[in-house]
Amino acid sequence: MTGFAQPKHHPTESLLMAHAAGALPEALDLAVATHLAFCDICRADAAAHEALGGALLDAAPEGGLSRPAEGSLARTLARAHAMPAEPEQAPRPSPDALPQPLSDWIGPNFSDIRWRRIGGGVAQAPIRTRSGGSAYLLRIPGGVAVPDHGHRGTELTLVLSGAFSDKVSRFGPGDIEVADPALEHTPTAEPGPPCICLAATDARLRFNSFLPRVAQRLFGI
C-alpha cells in the first residue's frame, strides 16, 4: 500500500464504466476522474474497463460492431486477465495541493481557488463545464450544515479535505457520495477545519426551504 488509507466510498460500477467509455457529462466525469487520484482500487477498475473496451473495438470488424469474429472473445478475456493483479499505486495528493485533473481547471493549490460566500459561512467556487450539468467547489466551516435538500438527478460529492456526515455515512478525503432522487439529506461538516468538496450534478438540487431556493437562483447551485 502507499501508506495512507484508501477511500471507503466509491463511484458505482456503472459510473466507472461510463467514465472509461467517455460517456459521462463533463461535470460528473471531473468528479469521478478526481476520485481516481485518491483511489488505487477504482483507478485499476477504470483501467480494466478501458482495456476491455479497447479489446472489443479491436475485435470488431471494419464498418461497425456485429457478431464477434472467431477467437475475439478469447483475445478480449486474455487482455483483461493480463491486467496487473495489484492496483497501480500512486502518491496521495498533497494536503496543500489540488489533485489532478481538478488542478488543471483551478490551479495547483487550494490557495488558487477563488471563493465567493453564499451564506451561513459556506463559500462556493463554480467550475465551468460543458455538456450539461454543473460542477463547483464548496467550503463548509466545521460544524456547519448544508441546507436539507433532495435531487432531481445525480449528484456526486467528492471530499478533498476535511469531512462531512449525513444519514448515509461519514465521508473523508477521497470519498465520493453518489446521491440520486431517492436521497434527501443534510450534509454537515465535522467540527474542526472546513470541509472542502467538489460537487457535480446533472440536474439542479431540490431545496426544501425558501431561503436556500432563493440562493439557488442567485448562485446556480
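Read the figures in this text as sums done on the coordinates, not as results from a lab. Computed from a predicted structure; not experimentally measured. When we count neighbours, we look across all protein chains shown, and the Cβ atoms used for this are built from the backbone with ideal geometry, even at glycine.
Along the Cα→Cβ direction, 7 angstrom out, place labels at THR12 and GLU50. What is the inter-label distance in nm?
2.3 nm
When the Karplus curve 6.51 cos²θ - 1.76 cosθ + 1.60 is applied with θ = phi - 60°, which whole-Hz ³J(HN,Hα) does each residue of region 167-176 get, with x for Gly and Pro?
Taking θ as phi minus 60°, the curve returns 5, 7, 5, 9, 10, x, x, x, 5, 10 Hz for region 167-176.
Spin-label point model (7 Å from Cα, Cβ direction): what's the SER131 to LYS167 distance in nm?
3.3 nm
Tell me the net charge near HIS9. Cut-off is 12 Å between Cβ atoms, HIS9 excluded, with +1 for each Lys or Arg and -1 for each Asp or Glu.
Charge balance near HIS9 sits at -1.
Under a 5 Å amide H to amide H cut-off, with H placed in plane at 1.01 Å, what residues pair with PHE164 once short-range neighbours are removed?
Amide H neighbours of PHE164: PHE171, GLU190.
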